[in-house]
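Visitor: Please see the structure below; I have some questions.
The values are calculated or read from the model by the stated rules, or taken from the named source; none is laboratory data. For clarity, every value in this text was computed on a predicted model and none was experimentally measured. All Cβ positions, glycine included, derive from the backbone under ideal geometry; neighbour counts span all protein chains shown.
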Amino acid sequence: MFHSPVHDEAVAEDRVPERGLLTVPDAVWAVAVRRAEVIGPLAEAGTAGEEVVEAAAEQLGISRRQVYVLLRRWREGQGVVSDLIPGRSSGGRGGQRLSAEVEAAIREVVRKHYLTRQRKTTAAVHREITRVCRTRGLPVPSLGAITRRIAGLDPRAETTARQGADAARSLESAGGQVPPITGVLEQVQIDHTVVDLIVVDEHHRLPIGRPYVTVAIDVFSRCIVGLVITLEAPSALSVGLCLAHMVTDKRAWLERLGIEVNWPMAGKPGELYLDNAAEFKSEALRRGCEEHGITLRYRPLGRPHYGGIVERVVGTLMEMVHELPGTTFSNPAQRGSYDSDAKATLTVAELEKWLALAVANYHGTVHGTTGQTPQARWVAGAAQTPAVAVANETAFLVDFLPVIRRTLTRTGFVIDHVRYFSDALKPWIARRGQLDRFVIRRDPRDISRIWVLNPEGESYLAVPYRTQSHPAVSVWEHRAAVERLRAEGRAQVDEEALFRMVEQMRTITDTARSTTRKARRDAERRRKAGAADSWDKPAAAGPPDDTLADGASRASASDTASVAPFEVIEQW
């Protein structure tokens, strides 16, 4: 029997703080994840009878009354793991846990009836499991539970049993994971690549180099559900931006691009299938996905063909890019004597528009594997299992921003030589001796404000620079300024010297950008981020209890006028 390391009476509390993601110890978080695995499916099943509640209580090592409390929390909350943290709320939707007897019956029936050359359907297997469980006096598992267990079978062993060894070898060599994907957003693959194209800056229309693209594709429909163009190499932020683009309605984004195309694909993925790059294994991504009920899976090491679906679509996009002026082609041999710099004409914004149009065209083209257009397959799949879109992009993106931990002082927070302060911090400052280090999120594109997690885990609070006359800068500008100060022999870096150096470097960049590629790239990145002169200075953040519905801090009225919200910040 599983026993919680936290006192069981904590479960009896009513609703408590919502967003304790990163302040919760791993041991306590594991308890919440375990609870979600049992409570989530139980809540979705509808009315919970005495037998299933008793089974859940036995699995979790708590009383029946506490099971009902957890069910109420899950149903009244957002259906995430953080609703079930002992003593508070916690997030992530997990798989179902059944009794050992039921699991044994499932394994027996799957082995005898599913893993055979007769190749029975999942529905037929579920009917047989229902018959066996009723005969033995066991609770009947849902069709969804059986589907999840079949999806978790070893793909090669499953194909070998149902279709023979030859079929299994053929599927593996074709690239791509074999487990059956039966619905939209059940599995999404994400990957990055450098674009085979030289782009130009907005001001001088001169070359600034090759951007990067992060692409997310829905495996079931083959629709591209997320797309992000950056001037920085792939990072944890690229992944967060792609996820935010994936889960929200794209109409507002398309309007900002000034194009009219149909791109209805949006929603929260059930599983992300990723390679083993560092940006896909960050703490922010892991905890953010757990909070939102998104499973993370990684390609087997040494088996690159397992990510073949996303890699093929990226390759298709790059083949289309090769038709654009300024393309670098796939390699020097293919490029030959073509002068990519001299032919370059597209800015990052124009490339983004072109890619959006290309994706819309791709969605309307019959796919060679599925035999349908991606859009038609999406519509059919969404009719069976509707996609769950996220209404508040701000709150969602904050959950995936890079994480920093700092101690609160009387003058606020100090991060990389920069002080942040808001009057809203004063209640926390008064009892800072009782508080641990704070969890802070920071957008690398603009460090003029940070997002501080309430110590009780309720919400994020936006906290601006203490000296609000400082310009908004990116992490990359900040690091370059620190390096320049170190090179000048500064043993200590102070805030005023740091921002003076930023201004000097910007002046140099603005002067040199007509002749220097790096200077033009830096200036373009700053312009695309909406930093510096395009923003007013941030005002004091609102009170700690003024929060967004999804848990992110809502700025005060003065903030709304002065700080550009996430929804309208351009990618770079």
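Visitor: What number goes with the only condition from (1) of a type outside the set (F, W, Y); (2) assigned to a helix (DSSP H, G or I); (3) out of contact with any helix residue (DSSP H, G or I) (no Cβ under 7 Å at 6 or more places or on another chain); (4) in contact (Cβ under 8 Å) with a residue 40 or more places away in the chain that E477 does not pass?
Guide: Condition (3) is where E477 drops out.
Visitor: Looking at R111 and the list (1) modelled with pLDDT of 85 or more; (2) assigned to a loop (DSSP other than H, G, I, E, B), which single condition is not satisfied?
Guide: With (1) modelled with pLDDT of 85 or more; (2) assigned to a loop (DSSP other than H, G, I, E, B) applied to R111, the lone miss is (2).
Visitor: Go through segment 384-407 and report how many residues are over 20 Å from the mean Cα position of the chain (by Cα) and modelled with pLDDT under 90.
Guide: First pass over segment 384-407, keeping only residues over 20 Å from the mean Cα position of the chain (by Cα): 384-385, 405-407.
Narrowing the set further to residues that are modelled with pLDDT under 90 leaves 384-385.
Adding up the residues that qualify gives 2.
Visitor: If you don't mind, there's one more thing I want to ask. Give the residue that is modelled with the lowest pLDDT, with candidates limited to residues of segment 437-458 that are assigned to a loop (DSSP other than H, G, I, E, B) and in contact with a Lys or Arg (Cβ under 6 Å, 6 or more places away or on another chain). Even if it seems obvious, please write down each step before you answer.
Guide: Step one: list which residues in segment 437-458 are assigned to a loop (DSSP other than H, G, I, E, B), which gives 437, 442-448, 454-458.
Adding the requirement that they be in contact with a Lys or Arg (Cβ under 6 Å, 6 or more places away or on another chain) leaves 437, 457.
Values: R437: 88, G457: 65.
Per the criteria, the residue is G457.
Visitor: Would you tally the residues in segment 447-490 being of a type in the set (S, T, Y) and closer than 15 Å to R419 by Cβ? First the steps, then the outcome.
Guide: Taking segment 447-490 and keeping what is of a type in the set (S, T, Y), we get 448, 459-460, 465, 467, 469, 474.
With closer than 15 Å to R419 by Cβ added as a condition, the list becomes 448, 465, 467, 469.
The qualifying residues number 4.
Visitor: State the number of residues belonging to segment 402-460 that are within 22 Å of N392 (Cβ to Cβ) and not small (G, A, S). Talk me through it step by step, then tell me what you get.
Guide: Step one: of segment 402-460, the residues within 22 Å of N392 (Cβ to Cβ) are 402-403, 422, 424, 439-446, 448-454, 456-460.
Next, only the ones that are not small (G, A, S) stay: 402-403, 439-446, 449-454, 456, 458, 460.
Qualifying residue count for the region: 19.
Visitor: Where in segment 331-422 are there strands (runs of 3 or more DSSP E), lying wholly inside it, with at least 1 residues that are surrounded by fewer than 16 Cβ atoms within 10 Å (Cβ to Cβ) and not assigned by TED's automatic domain parsing to the domain that holds F438?
Guide: Working: elements: 403-406, 413-415, 418-420.
Those strands (runs of 3 or more DSSP E) do not exist here; none qualify.
Visitor: Now, a different point. Give T147, T130, T159 a once-over and let me know the one that is free of Cβ contacts under 8 Å to residues at least 40 places away in the same chain, farther than 25 Å from E51 by Cβ and assigned to a helix (DSSP H, G or I). Please lay out each step first, then the result.
Guide: Details: T147 fails: farther than 25 Å from E51 by Cβ; T130 fails: farther than 25 Å from E51 by Cβ.
The unique qualifying residue is T159.
Visitor: Between a first residue in segment 282-297 that is surrounded by fewer than 18 Cβ atoms within 10 Å (Cβ to Cβ) and a second residue that is at pLDDT 85 or above, which pairs have beta carbons less than 6 Å apart while being 6 or more apart in sequence or on different chains?
Guide: Hits for this filter: E283/V403; T295/E271; L296/L272; L296/C289; R297/E271; R297/Y273.
Visitor: What's the number of the only condition in (1) touching a Leu at 6+ places or on another chain (Cβ under 6 Å); (2) at pLDDT 85 or above; (3) closer than 22 Å to R377 by Cβ that H126 fails to meet?
Guide: Status for H126: all satisfied but (3).
Visitor: Which one is farthest from V53 (Cα to Cα), of the residues in segment 133-144 that are at pLDDT 85 or above and assigned to a helix (DSSP H, G or I)?
Guide: Among residues in segment 133-144 that are at pLDDT 85 or above and assigned to a helix (DSSP H, G or I), the one farthest from V53 (Cα to Cα) is T135.
Per-residue answers, yes or no, for (1) touching a Ser or Thr at 6+ places or on another chain (Cβ under 8 Å); (2) polar (S, T, N, Q); (3) touching a residue at least 12 places away in the same chain (Cβ under 8 Å):
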site: E352; (1), (2), (3): no, no, yes
site: W378; (1), (2), (3): yes, no, yes
site: A383; (1), (2), (3): no, no, no
site: T407; (1), (2), (3): no, yes, yes
site: T411; (1), (2), (3): no, yes, yes
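Visitor: Turning to a different aspect of this structure: Scan the helices (runs of 4 or more DSSP H) fully inside segment 218-300 and keep the ones with 1 or more residues being β-branched (V, I, T) and touching a strand residue (DSSP E or B) at 6+ places or on another chain (Cβ under 8 Å).
Guide: Numbers: elements: 236-247, 251-257, 283-291.
Filter on segment 218-300 gives 236-247.
Visitor: Still on this model: Filter segment 470-521 down to the residues that are among the β-branched types (V, I, T) and modelled with pLDDT of 75 or more and list them by number.
Guide: Pass one, segment 470-521, residues among the β-branched types (V, I, T): 473, 475, 482, 493, 502, 507-509, 511, 515-516.
Correct list: V473, V475, V482, V493, V502, T507, I508.
Visitor: Inspect all residues belonging to segment 228-244 and state whether any of them is surrounded by fewer than 21 Cβ atoms within 10 Å (Cβ to Cβ), closer than 25 Å to D196 by Cα and among the charged types (D, E, K, R).
Guide: yes
Visitor: May I pose another question? Just to be sure I understand, how many residues within segment 52-84 are surrounded by 18 or more Cβ atoms within 10 Å (Cβ to Cβ) and of a type in the set (K, R)?
Guide: Within segment 52-84, residues that are surrounded by 18 or more Cβ atoms within 10 Å (Cβ to Cβ) and of a type in the set (K, R) number 1.
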